[in-house]
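S.K.: The structure is given below, and queries will be raised subsequently.
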Amino acid sequence: MELIQDLTNLRRRVRAWRQAGDQIALVPTMGNLHRGHLRLVQEARAYAQRTVVSIFVNPMQFGPQEDFAAYPRTLAQDRELLETEGTDLLFAPSVTTVYPRPPEEQTRVEVPGLSDILCGARRPGHFVGVATVVCKLFNMVQPDLAVFGEKDFQQLLVIRRMTEDLCLPVGILGVPTVREADGLALSSRNGYLLPEERARAPAVRRALGDAADGLRTGQGLAETEQRAVQELQQAGLRPDYVSVRRAADLSPPEPTDSDLVILAAAWLGKARLIDNLRVSRPT
Ligand code: PAJ
C-alpha cells in the first residue's frame with residue numbers, strides 16, 4: 001500500500017489508474033480505524049479495482065468546544081490495518097493541503113435544511129464542515145464510488161444530497177452499522193469511555209430497539225421518543241435527542257409513512273454516542 005500526503009502525487013497515481021481503465025473507490029475517514037471502517041474498505045474493494053482510504057481529522061467539522069485536539073490519531077496502526085485489508089492507497093493530507101486558505105476565506109459547501117436539524121442543531125456548522133471536506137476529497141481523489149457508514153445516518157443523507165445537487169459524478173454506497181457483541185455501535189469515540197461507562201453504553205442500542213418495538217405495535221411518535229429518552233436517562237446517559245423521522249429525508253413522519261428511522265444522540269462521560277435504527281411501521 002502506498003502512502004501519499006500531497007496532491008501532486010495523488011493526482012499522478014489516480015491518473016495512471018484511470019488510464020489503465022481501473023475504477024476507483026474512496027473511503028473517507030478520520031482514522032483511528034476499527035472494524036466498522038474496515039467493513040467499508042471491504043465493500044469498496046468488492047466494487048472497484050482500486051481502493052483509496054483517506055485519513056484526515058477535519059478541523060472544519062469540529063465546534064470550538066469539541067474534541068479536535070483530543071481526537072485519537074493513530075496513523076502507524078491504521079496503516080497496518082489498511083495494509084492487511086488490501087487497500088491500494090492511503091491518502092493522509094495535512095491541514096494546509098486540504099485548507100490552504102484561512103478558515104474565514106475558505107469556500108464552503110452547505111446543504112441547507114438537512115444540516116440544521118438533529119445533530120446539526122446540536123453542532124452548528126458541523127455538516128458544513130463535513131460537506132466541504134467530502135466535496136474536496138471527491139475532487140482530489142476523483143473516485144467513481146465513495147463508501148460511507150449508515151451509523152452516521154444524517155451525514156450519509158447530507159452527502160447524498162450534496163452529491164446530487166452539485167452533480168458530482170460519484171456513486172454513494174451506504175453500509176450497515178458494525179456493532180460490538182452487546183450492540184454498541186463501533187466508534188472511534190468509544191475509546192473515551194471509562195470501563196463502567198462502557199458497561200452502560202449498550203443502553204443506546206437497547207433504547208432504539210425498544211422504540212422500534214413500540215412503533216411496530218402502534219405506539220405514537222411522541223410517546224416512543226419520550227420513553228426512549230427516559231430509558232437512556234435511567235441508564236445514566238444524558239440524551240441530546242431521540243427522534244423518529246422519515247428514513248428518506250429525515251422529515252417528521254406523516255401517518256402514512258412506513259419507512260422510518262429512529263435516531264439518538266446521548267452523552268456518556270466524555271463521549272457523545274450516536275446511533276440509529278431503521279424501522280418499518282405498519283400504516
Ligand atoms: P469517521 O468517524 O472516521 O467515519 C468514517 C466512516 O466510517 C463514515 O462513513 C462512518 O459512517 C463510518 N463508520 C463509523 N463507524 C461505523 C460503524 N460502526 N459501522 C459502519 N460504518 C462506520 O465520518 C467521518 O469520519 C467524517 O465525518 C468524514 C466522513 C470522514 C468527513 O470528515
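S.K.: Just to be sure I understand the filter: pairs with C-beta atoms under 7 Å, separated by 6 or more residues or on different chains, first member in the range 124-148 and assigned by TED's automatic domain parsing to the domain that holds GLN42, second member more than 10 Å from the ligand (Cβ to nearest atom) and of a type in the set (Ser, Thr, Tyr). Which pairs pass?
M.R.: Here the result reads PHE127/SER115; VAL128/SER115; LEU145/TYR47, each pair linking the range 124-148 to a residue that is more than 10 Å from the ligand (Cβ to nearest atom) and of a type in the set (Ser, Thr, Tyr).
S.K.: Take the residues of the range 219-233 that are free of Cβ contacts under 8 Å to residues at least 12 places away in the same chain and of a type in the set (Gly, Ala, Ser): which is surrounded by the fewest Cβ atoms within 10 Å (Cβ to Cβ)?
M.R.: ALA222
S.K.: Which of (1) touching a Pro at 6+ places or on another chain (Cβ under 6 Å); (2) open to solvent by less than 10 Å² (accessible area, probe 1.4 Å); (3) within 16 Å of the ligand (Cβ to nearest atom) does LEU208 not meet, given it meets every other one?
M.R.: That leaves (1) as the condition not met.
S.K.: Another question, if that's okay. Say whether the condition of being exposed (fewer than 15 other Cβ atoms within 10 Å of the Cβ), touching a residue at least 24 places away in the same chain (Cβ under 8 Å) and within 12 Å of the ligand (Cβ to nearest atom) is met by at least one residue in the range 51-58. Lay out the reasoning, then the answer.
M.R.: Restricting attention to the range 51-58, the residues satisfying the condition of being exposed (fewer than 15 other Cβ atoms within 10 Å of the Cβ) are none.
There is no residue in the range 51-58 that is exposed (fewer than 15 other Cβ atoms within 10 Å of the Cβ), touching a residue at least 24 places away in the same chain (Cβ under 8 Å) and within 12 Å of the ligand (Cβ to nearest atom).
S.K.: Based on this model, can you work out whether ARG216 counts as over 20 Å from CYS119 (Cα atoms), among the basic types (Lys, Arg) and surrounded by fewer than 20 Cβ atoms within 10 Å (Cβ to Cβ)? Don't jump to the end; show me each part of the working.
M.R.: Details: over 20 Å from CYS119 (Cα atoms): yes; among the basic types (Lys, Arg): yes; surrounded by fewer than 20 Cβ atoms within 10 Å (Cβ to Cβ): yes.
When the stated conditions are applied, ARG216 passes them.
S.K.: So in the range 149-167, with the set limited to residues that are charged (D, E, K, R) and without any contact (Cβ under 8 Å) to a residue 40 or more places away in the chain, which one is nearest to the ligand (Cβ to nearest atom)? Lay out the reasoning, then the answer.
M.R.: Applying the first criterion (charged (D, E, K, R)) to the range 149-167 yields 150-152, 160-161, 164-165.
So of that shortlist, the ones also without any contact (Cβ under 8 Å) to a residue 40 or more places away in the chain come out as 160, 164.
Working: ARG160: 12, GLU164: 17 Å.
Per the stated criteria, the residue is ARG160.
S.K.: Taking ALA121, is it under 18 Å from the mean Cα position of the chain (by Cα), at pLDDT 95 or above, open to solvent by less than 10 Å² (accessible area, probe 1.4 Å) and of a type in the set (A, V, I, L, M)?
M.R.: On the way: under 18 Å from the mean Cα position of the chain (by Cα): yes; at pLDDT 95 or above: yes; open to solvent by less than 10 Å² (accessible area, probe 1.4 Å): no; of a type in the set (A, V, I, L, M): yes.
Considered against the rule, which asks whether it is under 18 Å from the mean Cα position of the chain (by Cα), at pLDDT 95 or above, open to solvent by less than 10 Å² (accessible area, probe 1.4 Å) and of a type in the set (A, V, I, L, M), ALA121 comes out as no.
S.K.: So, of the residues in the range 234-281 that are acidic (Asp, Glu) and open to solvent by 40 Å² or more (accessible area, probe 1.4 Å), which turns out to be nearest to ALA212 (Cα to Cα)? Steps first, answer last, please.
M.R.: Step one: of the range 234-281, the residues acidic (Asp, Glu) are 240, 249, 254, 257, 259, 275.
From what's left, open to solvent by 40 Å² or more (accessible area, probe 1.4 Å): 249, 254, 259.
Numbers: ASP249: 18, GLU254: 17, ASP259: 12 Å.
Ranking the qualifying residues of the range 234-281, first place goes to ASP259.
S.K.: Could you look through the range 204-229, keep only residues that are of a type in the set (S, T, N, Q) and not in a helix (DSSP H, G or I), and pick out the one that is farthest from TYR241 (Cα to Cα)?
M.R.: Quick first cut of the range 204-229, residues of a type in the set (S, T, N, Q) only: 217, 219, 224, 226.
Next, only the ones that are not in a helix (DSSP H, G or I) stay: 217, 219.
On the way: THR217: 22, GLN219: 18 Å.
Filtering the range 204-229 for residues that are of a type in the set (S, T, N, Q) and not in a helix (DSSP H, G or I), the one farthest from TYR241 (Cα to Cα) comes out as THR217.
S.K.: As an exercise: evaluate MET30 against (1) open to solvent by 20 Å² or more (accessible area, probe 1.4 Å); (2) of a type in the set (A, V, I, L, M); (3) away from the ligand (no atom under 16 Å from the Cβ) and give the number of the one condition it does not meet.
M.R.: (3)
S.K.: Sticking with this structure for a sec: Here is a check on your reading of the model: is LEU173 more than 16 Å from the chain's Cα centre (by Cα), open to solvent by 20 Å² or more (accessible area, probe 1.4 Å), over 23 Å from ASP210 (Cβ atoms) and modelled with pLDDT of 95 or more?
M.R.: Details: more than 16 Å from the chain's Cα centre (by Cα): no; open to solvent by 20 Å² or more (accessible area, probe 1.4 Å): yes; over 23 Å from ASP210 (Cβ atoms): yes; modelled with pLDDT of 95 or more: yes.
So LEU173 fails the test.
S.K.: Tell me, which strands (runs of 3 or more DSSP E) lie completely within the range 8-92 with 3 or more residues that are among the basic types (Lys, Arg)? Give the derivation first.
M.R.: Details: elements: 24-29, 50-55, 89-91.
It comes to none.
S.K.: Continuing with the same structure: Just checking, which of ALA20, ALA44, ALA76, ALA70 is open to solvent by 20 Å² or more (accessible area, probe 1.4 Å), closer than 21 Å to VAL170 by Cβ and either more than 10 Å from the ligand (Cβ to nearest atom) or not hydrophobic (A, V, I, L, M, F, W, C) (or both)? So that I can check it myself, show each step before the final result.
M.R.: Working: ALA44 fails: open to solvent by 20 Å² or more (accessible area, probe 1.4 Å); ALA76 fails: closer than 21 Å to VAL170 by Cβ; ALA70 fails: closer than 21 Å to VAL170 by Cβ.
Within the list ALA20, ALA44, ALA76, ALA70, the selection yields ALA20.
The values are calculated or read from the model by the stated rules, or taken from the named source; none is laboratory data. Note that the structure is a prediction, hence the values are computed from the model and not measured. Cβ: placed from backbone, ideal geometry, glycine included. Neighbour counts: every protein chain shown. The protein model used for the area step is the full one, side chains on, heavy atoms only, and it has no ligands, DNA or RNA in it. Shrake-Rupley method; radii C 1.70, N 1.55, O 1.52, S 1.80 Å.
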